[in-house]
Amino acid sequence: MNVLIVGNGGREYSIGLALKNDKFVKNIFFAPGNGATTKLGTNLDIKDYEKLADFCIENSINLTIVGPEQPLVDGIVDIFKQKNLTIYGPSKNAARLEGSKAFMKNFLKQFNIPTAKYIETSNYSEAENFIDSLDLPIVVKADGLCAGKGVIIAKTKDEAKQSAKEMLNGDMFGKSGERVVVEEFLDGYELSVFAICDGENYKILPAAQDHKRLLDNDEGPNTGGMGAYAPTPLINEELYKKIEDRVVKPTLKGMKEIESEFCGTLFIGLMIVKGEPIVLEYNVRFGDPECEVLMALLESSAYELFLKASTKQLDTLDIKFKDKFGLAVVVASKNYPYKNSPKAKITIDDKISTISDTHISFAGVEAEDGELYATGGRVLLVVSVSDDIKSAREKSYEALKFINFDGAQYRKDIAYQALKFHE
Ligand code: AMP
Ligand code: GLY
């Protein structure tokens, strides 16, 4: 079978790596891929979705898997389906769960799915009145996609009002801030739960924990994610059941009811407040770096999983995960997440191969004359699988000693909450 993966990050690399080792898969294509995905398959330089779909027809691509949110929000799935292609991901309508926070909040309210008290508006005085009615801190969010930066946690009412004003007049996030969501602050711990969905059926994956801040002890600016591990001890059977019954099932049912059936990865960002799951947000794709960890833990066929999810057959799938723990440490470039970084040559000592069940997932890299260069952003991840979180972490940090490029930075404390939990 031939597969196309849309995207260019570590997430897409890790899906490619899982498929590379899959007995059903023959050829893998990436659009656009990165400097290392060429080791797993062929990179395509086709940006137009119609043309990409035509490529799939001409080259007998059996399945397309979409990694990032932007093509989904743009409607790549609708375009492919119109041409009778099999594609994994939500339609443009269903992708509104991530593409518009106002849509998402209204959906949660309509279907009685627990979420923070809120108002969504494009009118400043409405936002201001609601801010006056809330306790501090107060959360202000831009409606549209802002690459994870559209959320302000304001410590004073003035700051909340100022943020709402700047979002609404387009100063802060342009068009993405034309509507805002203002909501109460939830005090708890965060958890990401992923469900692979086929519109009706779903498979819940082991819960993962991301580390969004740049620096140790959750300090510094927000990033796309600096490391993750799974499964996390911060969840138990009772909580999984609550999440399934109160969030996953009503979400799929509700989306079907509003004719926006959800197929793809439902990424549920939760705040757990006194043992109760409350939805912060949905994303309509895998998290990155969570995906790298989940792919490393997946034991059954990744091809079959994504194919069955794309063709409404998940009810016939027996998904299996290794009875182990996975952990990924992200290595980012010098100026991440503030600005671009100078290109830097990556060196990897062969001794890295002596560390078992550990691999590199490549993201912001470019190949030139047989060498790999860090090109900025999140550059690569060291992913380890082991019998417990502590030893997975030790392996990742050991492997990191063999990787070098100018300006490389990474967190030294991935999974600290899990390790504290076991103390
Ligand atoms: P979001 O993009 O909505 O997930 O928000 C990004 C981050 O802001 C979340 O991962 C949380 O850390 C934080 N956040 C968002 N909404 C709230 C809330 N209502 N209460 C507390 N923290 C929040
Ligand atoms: N790691 C979080 C995200 O991909 O949004």
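Net charge near GLU368, counting Lys/Arg +1 and Asp/Glu -1 over other residues with Cβ under 15 Å of its Cβ?
Neighbour charge sum, excluding GLU368 itself: 0.
At 222 nm, what value in deg cm²/dmol follows for the chain if DSSP H runs of at least 4 each add -39500 (n - 2.57) and the sum is divided by all its residues, to the nearest 500?
That calculation yields -8000 deg cm²/dmol at 222 nm.
What number, in nm² with one decimal, is the all-direction average of the projected area of the convex hull of the alpha-carbon atoms of segment 38-104?
For the Cα atoms of segment 38-104, the hull's average projected area reads 4.8 nm².
Which of the listed residues, SER260, ASN283, ALA363, is farthest toward the dipole's positive end in the chain, when Lys, Arg count +1 and Asp, Glu count -1 at the beta-carbon?
Going by the Cα projections, it comes out as ALA363.
Dividing the Cα radius of gyration by the Kirkwood radius, what Rg/Rh value follows for segment 1-122?
1.07
In percent, how large is the relative contact order of the chain, given Cα pairs closer than 8 Å and 6 or more residues apart?
It comes to 17 percent, rounded to a whole number.
What value does the chain have for Rg/Rh, both radii from Cα atoms and Rh as Kirkwood defines it?
With Rh from the inverse mean 1/r over Cα pairs, Rg/Rh is 0.95.
What does the net charge come to around THR232 if you take all other residues with beta carbon closer than 11 Å to its beta carbon, with K and R at +1 and D and E at -1?
The answer is -3.
Using packing as a proxy for protection, rank 258-269, 404-415 so that the peptide with the highest average count of other Cβ atoms within 10 Å comes first.
In descending order of packing, they fall as 258-269, 404-415.
Which aspartates and glutamates, on any chain, are close to LYS343 with Cα under 20 Å apart, when same-chain ones fewer than 8 places away are left out?
Within reach: GLU366, GLU368, ASP369, GLU371, ASP406.
By DSSP, what percent of the beta bridges with both residues in the chain are antiparallel, rounded to the nearest 5?
80 percent
Please compute P(r) over all alpha-carbon pairs of segment 348-423, binned at 10 Å starting from zero, and give each bin as a whole-number percent.
With a bin width of 10 Å, the distribution comes to 17, 46, 28, 8, 1.
For segment 188-265, with only Lys/Arg (+1) and Asp/Glu (-1) charged at the beta-carbon, what is the dipole magnitude about the Cα centre, in debye rounded to 20?
Here segment 188-265 has a charge dipole of around 100 debye.
Report ³J(HN,Hα) in whole Hz for each residue of segment 176-192, in order, from the Karplus equation J = 6.51 cos²θ - 1.76 cosθ + 1.60 where θ = phi - 60°; Gly and Pro get x.
Here the 3J(HN,Hα) series is 4, x, 5, 10, 10, 10, 10, 9, 5, 7, 9, 10, x, 10, 8, 8, 10 Hz.
Please give the charge dipole size of the chain, origin at the Cα centre, charges +1 on K and R Cβ atoms and -1 on D and E Cβ atoms. Round to the nearest 20 debye.
Here the size comes out at about 200 debye.
Output the pairs from LYS165/LYS420; LYS117/LYS241; LYS161/LYS253 with a Cα-Cα distance over 32 Å in this structure; if there are none, say none.
Result: LYS165/LYS420; LYS161/LYS253 exceed 32 Å.
Can you give the Rg and Dmax of segment 1-73 based on its C-alpha atoms, in angstrom?
11.1, 32
Going by average Cβ density within 10 Å per residue, which order do the peptides 175-188, 192-205 take, highest to lowest?
Per-residue Cβ counts within 10 Å, averaged per peptide and sorted highest first, yield 192-205, 175-188.
Bear in mind these aren't lab numbers, they're just calculated from the coordinates by the rules spelled out. Small disclaimer: the values here were computed from a predicted structure and weren't measured. Cβ atoms come from the backbone with ideal geometry, glycine included; neighbour counts cover every protein chain shown.
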